[in-house]
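S.K.: Provided herewith is a single structure, encoded as structure tokens, for subsequent inquiry.
The values are calculated or read from the model by the stated rules, or taken from the named source; none is laboratory data. In this text the structure is predicted, and so the values were computed from the model without any measurement. When we count neighbours, we look across all protein chains shown, and the Cβ atoms used for this are built from the backbone with ideal geometry, even at glycine. Just the protein is used for accessible areas: all its heavy atoms, side chains included, with ligands, DNA and RNA removed. Shrake-Rupley method; radii C 1.70, N 1.55, O 1.52, S 1.80 Å.
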Amino acid sequence: MLEVRDLKKHFRIRHNPLARLRGHRDHIVRAIDGVTFEICEGEVLGLVGESGCGKTTLAKTVLRLYLPTNGDVLFRGQSVFGMGRNELKQLRREAQIVFQDSNSTLDPRMNARHMLEEPLLLHRMGQRSERRQRIASMMEKVMLSPAFLKRHPAELSGGQRQRLSMARALIIEPRLVIADEPLAGLDPIVSTQLLDLMLCLKREMGLTYLFISHDLSTVTYASDRIAVMYKGRIVEIIDGERFQSGALHPYTRFLQSPERLPVESEVNGDIHFRHGNGGKGCVFHEKCPNRTSICTESSPGLRDIAPGHKVACHLVN
Amino acid sequence: MERHQHPAAAVASKAVRYLIVLFVIISLNFLLPRLMPGDPVMNVLGEEAYYGSPEVLEELKAEWGLDGPLYVQYFRYLGNYLKGDWGHSFLCMRPVSEAIGLHLRWTLALVLPAIILGALLAAIAGALAAWYRKSKLDIGFSATFLSFYSMPHYWLAMVLLFVFGFLLGWFPLGKVTSGDTTGLAYVVDVGWHMVLPLGLLTVSKAAYDFLVVRNSVISIYGEDYVLMAQAKGLSQMAVLFKHAVRNALAPLVTVTAIQFGAILSGTLMIEIVFSWPGMGTMIYEAIGARDYPVLQGAFFIIAVCMLVANFIADMVYVWLDPRTR
Amino acid sequence: MKELLKVTGLNVVFDTPAGRVHANRGINLMVNENETLGLMGESGCGKTVLFLSLLRLQQPGRIVSGSIVFDGRDLTKLTTSEMQQVRGRQIALVPQDHSTALNPAFTVGQQLNEALLVRDNGGGLWKTSLIGCSGRGSQAFQEEVKAVLGELALGDLVDTGRLLGRYPHQLSGGIRQRVLIAMALLGHPRMLIADEPTTALDRASRVQTLEVLNRLCERMTMLIISHDLDAIRTTCERVAVMYGGRIIETGPMLSVFRNPRHPYTRLFLSCQKFSRGDVLPEVTGDVLNLIDFPLGCSFHPRCPRAMPVCSELEPAEVHVDDTMVACHLYATGETTC
Amino acid sequence: MARLRQVMQGNKARWAGIAMLVLFILCAMLAPWIAPLDPWEFGPAFLRPSTTNLLGTNDVGQDIFSELLYGARNSLLVGFAAALLSVSLGAIVGLVAGFRKGILDDLLMGATDVFLVMPMLPLAILVSVYLGPSIWNLTLVIGLLWWPSTARVIRSQVLSIRESGYVESARALGASDLWIMRRHVLPNVVPLLMAKFVLTVAVAMLMEASLSFLGLGDPIAKSWGMMLRYAFLRGGFVGGLWWWYAPPGLAIGLCILSLTLISFSIEEKSDPRLKRVLER
């Protein structure tokens, strides 16, 4: 359904001319640095990685909210970036995104009804009465009582807001939903409830998910396949069932176990998470417990290890 | 996308921007008399010269750079301005730069202390009002400063003069000194003359700053580090004046820069009421006599003052807020 | 074991434009000397207000009734200046959000120095500002800070001198978090309150912070507020569960984790440790808001085992084995009222 | 109860401001009907306040109270007209610059920066001197010089809305630029524009008064600034005739106070940060 081919998104941190004269080079943040994967109709692909690894950029680039530096995304075989006006409109209908922070992604001046009506108006779906009906049934699906229709985002709890965000994305009946950390910042009980709801809606509406999270347990629970991302690259893709026991990449194993890792000397300037390393060496080599000389020199590509299992590591056979 | 800048580069790029502004101001000064209705020659030279004999007029035109094509005039003008030759005042019969030099210091003598004292007053009052929010103290401060903020400065100057000068006779009715004094006596005399205008300016300047400080302290009050400072065991006053006010200073500096024009204008106006021999009085007299070169020179020098103030504010801001470094 | 902190019947309310918020309703809590107590509960259940009340920093909330006895003194009866003596020097706080808890205008060194000055000279404006602002100070200060940072596994990791000259925004989250712990420790407090010490951190820093806390809890009294089960499991001897402004279950950590009694505790724990293939726990209803309480037990609208009595009577605290539960399921004749 | 009082307190200032402003506007509109005398008619000079001349007369015997009522007309007119001009200009520049990033934005903001550091009063004096004294020239000068601060504020607001999560989410739903402008940007900018307008009216009135006081207003037209000028110039001030110069100054001050109160209350309502703090 969705094919991502060698997608790259680099942000250029610009300095002004004077700073450049003083030796400040423009540097490039490689937020996503060559990502390839595909999502099949009806599956849930989980994407895990720590905050700052490029997950959100990936989600936005896939849906053409950012233009990529390189690479292509095919939606049903058609290039997302080559789409014309009408095709793009169709894409916006069929592929939706639920953002991480429902607090800022809902317009503070709109109430729930207006927010749910906006997508319908944008895609010219239904007459007034039909829209009303759709809104009511969507509210029911996400377990919000009709009393909430008049409320503004500030008057809703975090869980309710996130459910409203879901409703807003789903009301135009998309096929693919990219959920960017939908459970982040929610309490365990609320997030479990929302996870349950998301999976219910998937079955009910026949959706395909790209489920992005930093929380291993929810991703493991919900996903058919899991992709692990580190510093703008996918280091491992594996079936959800084999994830717990069969993961091979050292970074995935680090995520799974509470082992201690050496931390880079943080006070010496390198404060922010630098993405990628210009293609030299494996992205994980600085922290990898079992690196060898080849790891610092060449960057490993994703290789098939077993059916449905790809790893980007020199040391895995 | 965020742009990261080296502090020195930031300062340098600011400096470049200000140079451009300076250039625009000089150009504006050049263009205004030529664009405005009426003959530019008359606009620049004044009526007396204009209606004099034709030969003298030609001579004056050449002397004043009004002959030749416009672009030649322009470059000559630009060169003169940068050299410090800003024209000749018809009213007091001397170079504009000299007249301005005489008056500017008296204006600065009022403005600079007023800014510093006003900021201090505002910082203390604003912080206290924010801390005891919605108390009588807060309401009292807010009402007082708001009234001062709203009333025209020169009108307040008249009222003050009437009350403290005429009725009570505590302070002199204007001017800088009462007569021939030297040394310490002179300083004391000037100080005595300064009390009313300076006090008025200080409170006016503090009026707006007060609202700014109060608002920023209130919002800082909600920050975690203030809670943390309290949890550390600092006293209320230490939390307020060390942590909260320290972080309210940066917005205060920004506001001072933005308001510098207003405070300067306020000073110009009250100088007239207090017969204070500063730029305001000079401008007032020049308006009456349609002394265009003086008005243009005054506009130029005040603009330069504002640029300098903005530049200083930028640097102080960087110094105050480590996050901008 | 000696009791260090005992909270009895604490009620805290906030008056907001939307109505009166009952943030804490009759909290009973006890922490022994050298014990670590974990406090769990969802956001909005009143746990933040509870620990702020322990330091009397709950403004604009008001302590309506109840007592907070710390080391034999009732904190609710102390004057403001006496309370200042308690803060930092008796009870210290490690706040939740390391990115906002340090003042952006001062260097790390100045802020650590301030903690020391408060401990030695008191928290007055002059005593802390005149010397406190002026740089990194004396040899003794350097030594002491070095020792504390060493204890937090920061000593070998970073150059202390450079760290002290840095501003908070120049540091990574993990380092900031440990600077905050160091700041709390410099006051030599008898008890440490850590609010969600591991939530806002990346994985590596989280592991390290847990190690640090684990070491600290051997020698200190601590109150750790978290819904990170790993954090509670590795550090706490006892846990308390909070819901709707009340403590609904307390007991030894292992006993509560293995055999949760209150339906809410069960739900809370099961929502965090499900694995692939499990059926997700059924959750109905919404988060409680602390203004309009349901009659009876505040959990009954979401409770899978609610009984008729639950919507009528507020359950009393009942002791079952070594744990205390506030639930009608465990009520025996003599304690219902 | 405490809550009610709180709400009242927040609104009290605004209602006081609105009431005062309405009173002034009524005075201005009804001046010909409520003014007891013709303010241009000469009579006995320097009369003290009495029942016929409520505030006495000036140096040429014109009734000060009637002058005050008629003065409100010009002062308010200049204020509102100049503010309308400058806020419209500023709003257009700000919206365009904020919405069309790139070279146009750079140019517009460059111009705004230049204007922002220019001393307005001296420039206004200079232009007025060249243009000659007239109410309309004053309005034009103030209106054309005062747009940059509005442009700045509007642009930064538009920029922050554009970068906000909810605009991104609308974009993901397929919204066009025009849609986002209409449905998300404008509704969030309007309260700010209102606050700015009210504040600019105050600034323009003060400016008008100052320029008139300096002798750059129309000498025949009645305005509060002109009244202050004559009171100062023709011995009302030196002679201790407080009823001459006190009322116009007070009128200007109260008018500005009322406008300031109104603009603060609009700003407070629309600034969620301040609101959050207030609700803590």
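S.K.: Of the DSSP beta bridges with both residues in region A:2-311, give the percent that are antiparallel, rounding to the nearest 5.
M.R.: Roughly 60 percent of the DSSP beta bridges within region A:2-311 come out antiparallel.
S.K.: With Kirkwood's inverse mean 1/r over C-alpha pairs for Rh, give me the Rg to Rh ratio of region A:75-157, two decimals please. All intermediate terms of the calculation are to be shown ahead of the outcome.
M.R.: Numbers: Rg = 15.0 Å, Rh = 14.6 Å.
Using only Cα positions, Rg/Rh for region A:75-157 is 1.03.
S.K.: Continuing with this model, one more query. Roughly how big is the D-A contact, given as buried accessible area in Å² (both sides, 1.4 Å probe, nearest 100)?
M.R.: Using a 1.4 Å probe on protein heavy atoms, the buried area is about 1700 Å².
S.K.: Taking the Kirkwood radius as the inverse of the mean 1/r across Cα pairs, report the Rg/Rh of chain C. Present the calculation step by step, with values, prior to reporting the outcome.
M.R.: On the way: Rg = 21.1 Å, Rh = 21.3 Å.
The Rg/Rh ratio comes out at 0.99.
S.K.: May I ask you to evaluate 6.51 cos²θ - 1.76 cosθ + 1.60, the Karplus curve with θ = phi - 60°, for each residue of region B:136-148 and list the ³J(HN,Hα) values in order in whole Hz, giving x for glycine and proline?
M.R.: Karplus values, whole Hz, x for Gly and Pro: 5, 4, 4, 4, x, 4, 4, 4, 4, 5, 4, 5, 4.
S.K.: How many percent of the accessible area of region A:2-311 is carbon or sulfur, using a 1.4 Å probe?
M.R.: Reported share for carbon and sulfur atoms: 47 percent.
S.K.: Sticking with this structure for a sec: Less than 18 Å apart at the alpha-carbon level, and either on another chain or at least 8 residues along: which lysines does that give for B:K136?
M.R.: Cα-Cα hits under 18 Å: D:K12.
S.K.: Right, next: Tell me which DSSP H helices of chain C clear both cut-offs, 15 Å or more of axial length from alpha-carbon atoms and a mean Kyte-Doolittle hydropathy of at least 0.0.
M.R.: Working: long enough: C:108-121 (19 Å, -0.31); C:139-151 (18 Å, -0.25); C:173-186 (20 Å, 1.20); C:203-216 (20 Å, -0.28).
What comes out of the filter, once short or polar helices are dropped, is C:173-186.
S.K.: While we're looking at this one, here's another question. Can you divide the C-alpha Rg of region B:149-213 by 2.2 N^0.38 Å and report the result to two decimal places? Intermediate values should be presented prior to the final figure.
M.R.: Working: Rg = 13.9 Å, N = 65, 2.2 N^0.38 = 10.7 Å.
For region B:149-213, the normalised Cα radius of gyration is 1.29.
S.K.: In terms of modelled amide H atoms, which long-range or inter-chain residues lie less than 5 Å from the amide H of C:L93?
M.R.: Excluding prolines and chain starts, which carry no amide H, the hits are C:G88, C:I193.
S.K.: At the nearest 100 Å², what buried accessible area, both sides summed, do you get for B and C when the probe is 1.4 Å?
M.R.: On the way: alone 18110 and 15690 Å², together 31340 Å².
Interface between B and C: roughly 2500 Å².
S.K.: Which aspartates and glutamates, if any, have their Cα less than 18 Å from the Cα of B:K83, not counting same-chain residues under 8 positions apart?
M.R.: B:E63, B:E98
S.K.: Also: Let me know the shape class of region D:141-225, please: from the alpha-carbon gyration tensor, a ≥ b ≥ c as square roots of the eigenvalues, rounded when a/c is under 1.5, otherwise prolate if a/b is greater than b/c, or oblate.
M.R.: Prolate is the answer for region D:141-225, as a/c is 1.5 or above and a/b outweighs b/c.
S.K.: Still on this structure: Could you give the C-alpha radius of gyration of region D:121-266 expressed as a fraction of 2.2 N^0.38 Å, taking N as the number of residues it contains?
M.R.: Dividing the Cα Rg of region D:121-266 by 2.2 N^0.38 Å gives 1.44.
S.K.: OK, next. Can you work out the accessible area per residue across the protein assembly as shown, with the rest of the protein chains kept in place, probe 1.4 Å, in square angstrom?
M.R.: Result: 42 Å² of accessible area for each residue.
S.K.: Here's another thing I want to ask about it. So what J values fall out for region B:248-260 if you push phi through Karplus, 6.51 cos²θ - 1.76 cosθ + 1.60 with θ = phi - 60°, rounded to Hz, Gly and Pro as x?
M.R.: 8, 5, 4, x, 5, 5, 4, 5, 4, 5, 5, 7, 4
S.K.: Turning to a different aspect of this structure: For the protein assembly as shown, what D do you get in µm² per second when you plug the Kirkwood radius from alpha-carbon pairs into Stokes-Einstein at 25 °C and 0.890 mPa s?
M.R.: On the way: Rh = 35.0 Å.
In µm²/s, the coefficient rounds to 70.
S.K.: For C:E3, which sequence-distant residues (separation of 5 or more, or a different chain) have an amide H within less than 5 Å of its own amide H, given hydrogens modelled in the peptide plane?
M.R.: Sorted by chain and number, the residues that satisfy this are C:E33.
S.K.: How large is ³J(HN,Hα) for each residue in region C:231-236, as worked out from phi by the Karplus curve 6.51 cos²θ - 1.76 cosθ + 1.60 (θ = phi - 60°), to whole Hz, x for Gly and Pro?
M.R.: 4, 5, 5, 7, 10, 9
S.K.: At 222 nm, what value in deg cm²/dmol follows for the protein assembly as shown if DSSP H runs of at least 4 each add -39500 (n - 2.57) and the sum is divided by all its residues, to the nearest 500?
M.R.: About -16500 deg cm²/dmol.
S.K.: On average, how much area does the Cα convex hull of region C:181-282 cover when viewed from any direction, in nm²?
M.R.: Values: hull surface 31.6 nm².
Answer in nm², one decimal: 7.9.
S.K.: Shifting gears a bit: Over the Cα atoms of chain D, what Rg and Dmax result, in angstrom?
M.R.: Reported Rg and Dmax, both Å: 22.4, 76.
S.K.: Dividing the convex hull volume of the alpha carbon atoms of region A:31-134 by its residue count, what do you get in Å³ per residue?
M.R.: With only Cα atoms used, region A:31-134 gives 146 Å³ per residue.
S.K.: Holding the Cα-Cα limit at 24 Å, pick out from A:K287/C:K273; A:K8/A:K310; B:K134/D:K196 the pairs that are longer than that. Walk me through the numbers on the way to the answer.
M.R.: On the way: A:K287/C:K273 28 Å; A:K8/A:K310 19 Å; B:K134/D:K196 26 Å.
Going by Cα-Cα distance, A:K287/C:K273; B:K134/D:K196 fall outside the 24 Å limit.
S.K.: Give me the percent of Cα-Cα pairs in chain B that sit more than 26 Å apart, rounded to a whole number.
M.R.: Roughly 60 percent, rounded to a whole number.
S.K.: I want the local charge near D:S169. Using Cβ-Cβ distances under 13 Å, sum +1 for each Lys or Arg and -1 for each Asp or Glu among the other residues.
M.R.: +1
S.K.: Follow-up question, since we're still on this one. What does region D:8-112 give for Rg and for Dmax, in Å, if only its C-alpha atoms count?
M.R.: Cα-based Rg and Dmax for region D:8-112 come out at 21.8, 66 Å.
S.K.: Placing one identical point scatterer on every Cα of region B:171-325 and ignoring solvent, what is log10 I(q)/I(0) from the Debye formula at q = 0.12, 0.13, 0.17 Å⁻¹?
M.R.: Evaluating at q = 0.12, 0.13, 0.17 Å⁻¹ gives log10 I(q)/I(0) of -0.73, -0.81, -1.06.
S.K.: Right, something else. Tell me whether region C:1-48 comes out rounded, prolate or oblate; compute the Cα gyration tensor, take square roots of the eigenvalues as a ≥ b ≥ c, and use a/c under 1.5 as the rounded threshold. Please report the intermediate quantities before stating the final value.
M.R.: Numbers: a/c = 4.26, a/b = 2.14, b/c = 1.99.
Note, shape of region C:1-48 comes out prolate.
S.K.: Interface size between chain C and chain A, please: total buried accessible area, 1.4 Å probe, rounded to the nearest 100 Å².
M.R.: 3100 Å²
S.K.: Excluding same-chain residues fewer than 8 positions from C:K6, which lysines have a Cα within less than 20 Å of its Cα?
M.R.: Within the straight-line cut-off, C:K6 pairs with C:K47, C:K77.
S.K.: Moving to a separate point now. Per residue and in cubic angstrom, what volume does the convex hull of the Cα atoms of region A:2-311 have?
M.R.: About 170 Å³ per residue, rounded to a whole number.
S.K.: Also, quick follow-up: Quick one: grab the alpha carbon gyration tensor of region C:14-110, order the square roots of its eigenvalues as a ≥ b ≥ c, and give me rounded if a/c is under 1.5, else prolate or oblate depending on whether a/b is larger than b/c.
M.R.: Judged from the Cα gyration tensor, region C:14-110 comes out rounded (a/c under 1.5).
S.K.: May I pose another question? Counting Lys and Arg as +1 and Asp and Glu as -1, what is the net charge of the other residues whose Cβ lies under 15 Å from the Cβ of B:G140?
M.R.: +3
S.K.: Next question, about the same structure. How big is the shadow of the Cα convex hull of region D:208-260, averaged over all directions, in nm²?
M.R.: So the mean shadow area of the Cα hull is 3.6 nm².
S.K.: Mind pulling the angle between the C-alpha long axis of helix B:96-131 and the longest principal axis of chain B? Nearest 10 degrees, somewhere in 0 to 90.
M.R.: 20 degrees
S.K.: Roughly how crowded by other chains is peptide D:111-118, in terms of the mean Cβ count from those chains within 10 Å of each of its Cβ atoms?
M.R.: 6
S.K.: Let me ask something else about it. Taking Cα atoms, how many degrees apart are the long axis of helix D:224-233 and the longest axis of chain D, rounded to 10 and kept between 0 and 90?
M.R.: Taking Cα atoms only, the helix is inclined about 40 degrees.
S.K.: Provide a whole-number value for the mean count of partner chain Cβ atoms within 10 Å of the Cβ atoms in peptide A:55-64. Don't skip to the answer; put the middle values down first.
M.R.: On the way: counts 0, 0, 0, 0, 1, 3, 0, 0, 2, 2.
Per residue, the average neighbour count from other chains is 1.
S.K.: Work out the mean other chain Cβ neighbour count within 10 Å for the residues of B:100-108 and drop it here as an integer.
M.R.: On the way: counts 0, 0, 0, 0, 0, 0, 0, 0, 0.
Per-residue shielding by partner chains comes out at 0.
S.K.: Between region D:211-244 and region B:209-244, how many Å separate their Cα centres?
M.R.: With region D:211-244 and region B:209-244 each reduced to a Cα centre, they are spaced 46 Å.
S.K.: A follow-up question, please. Taking Cα centroids, how far is region A:278-317 from region C:80-124 in Å?
M.R.: Cα centroid to Cα centroid, the span is 46 Å.
S.K.: Taking every DSSP beta bridge that has both residues in the protein assembly as shown, what percent is antiparallel when rounded to the nearest 5?
M.R.: Percentage antiparallel, nearest 5: 65.
S.K.: Please quote Rg/Rh for region D:44-193 to two decimal places, taking the Kirkwood radius as Rh and restricting both calculations to Cα atoms.
M.R.: Computed over Cα atoms, the ratio is 1.22.
S.K.: Kirkwood hydrodynamic radius of region C:159-238 from all distinct Cα pairs, in Å?
M.R.: About 13.3 Å for region C:159-238.
S.K.: Accessible area of region C:206-258 with a 1.4 Å probe: how many percent of it is carbon plus sulfur? Intermediate values should be presented prior to the final figure.
M.R.: Working: 800 of 1590 Å².
Summing carbon and sulfur atoms, their accessible area is 50 percent of the total for region C:206-258.
S.K.: Moving on to the next point. Filter the GluC sites (Glu not before Pro) in region A:173-263 down to the DSSP loop ones having no more than 13 other Cβ atoms within 10 Å, then list what survives.
M.R.: Qualifying residues, ordered by number: A:E259.
S.K.: Measuring from centroid to centroid over Cα atoms, what is the spacing of region B:264-282 and region A:90-114 in Å?
M.R.: Region B:264-282 and region A:90-114 have Cα centres separated by 57 Å.
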